[in-house]
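The structure appears below as structure tokens.
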Amino acid sequence: MSKHLEYMSLALEQAQKCEATLTAFCVGAIIVQDSTNTVIATGYSRELPGNTHAEQNCLTKLLSETTAAGADTTYSLYTTMEPCSERLSGNIPCTDSIIKYNNSSEQKEGRLGRVETVYVGVKEPGDFITNNVGQDKLLANGVGYIHISGLENEILAVARKGNPNV
């Protein structure tokens, strides 16, 4: 099994922790420090208070646990589903959270690393948002975007658990 597929499997394990809901996907994510291949943050949808998404939870944990990572530190974010570009709840979309993290004053001052690449298990289906442009936004802001194939059926089954309409 490839390193990327192993990390995507770990993200899928996070997604399986989500409580089922009728109005949102169950998504899992992990952040890996590239130089050490170490998982340094995990997250899943609705894990933290405030109707949070998996990627948002990873970034929140990364910010709370990382001090002075250094400007040369790069991270890979593995997420079971393409980061959202729109939130019906009014919360900040995950693509915007990633871009905001990379453009923060702490990152620019060299105290934080940078999310270099986002690895995605599946594109977001149009169940709730019909046109997710997360991939386009990330690429336009210098963040790599790579699809990891091999777990699509499992990811979608977990993502849609509890939703009888799909």
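The values are calculated or read from the model by the stated rules, or taken from the named source; none is laboratory data. Predicted, not measured: the structure shown is a model, and the values here were computed from it. Cβ placement follows ideal geometry from the backbone for every residue including glycine, while neighbour counts extend to all protein chains displayed.
Is it the case that Thr36 is closer than 21 Å to Lys100 by Cα, free of Cβ contacts under 8 Å to residues at least 40 places away in the same chain and out of contact with any Asp or Glu (no Cβ under 7 Å at 6 or more places or on another chain)?
No: the conditions fail for Thr36.
Given the structure, is Gly43 small (Gly, Ala, Ser), in contact (Cβ under 8 Å) with a residue 40 or more places away in the chain and within 19 Å of Val158 (Cβ to Cβ)?
Against the criterion (small (Gly, Ala, Ser), in contact (Cβ under 8 Å) with a residue 40 or more places away in the chain and within 19 Å of Val158 (Cβ to Cβ)), Gly43 does not qualify.
If you take the residues in region 116-165 that are of a type outside the set (A, V, I, L, M) and part of a helix (DSSP H, G or I), which one is nearest to Lys17 (Cα to Cα)?
Glu154
For region 123-166, name all the residues that are of a type in the set (A, V, I, L, M), under 22 Å from Ile98 (Cα atoms) and modelled with pLDDT under 90.
Result: Ile129, single match.
Among residues belonging to region 58-83 that are under 15 Å from the mean Cα position of the chain (by Cα) and among the charged types (D, E, K, R), point out the one that is modelled with the highest pLDDT.
Glu82
Kindly indicate whether Leu12 is under 13 Å from the mean Cα position of the chain (by Cα), more than 19 Å from Phe128 (Cβ to Cβ) and not in a loop (DSSP other than H, G, I, E, B).
Here the answer is yes, as Leu12 does meet what is asked.
Taking region 75-115 as the search range and keeping residues that are assigned to a helix (DSSP H, G or I) and of a type in the set (Val, Ile, Thr), which one is nearest to Leu59 (Cα to Cα)?
Looking at the filtered set, the residue picked out is Ile98.
Among the listed residues Glu116, Glu55, Glu19, Glu86, which satisfies the condition of being surrounded by fewer than 24 Cβ atoms within 10 Å (Cβ to Cβ), out of contact with any Phe, Trp or Tyr (no Cβ under 6 Å at 6 or more places or on another chain) and at pLDDT 95 or above?
None of the other options fit; the residue is Glu116.
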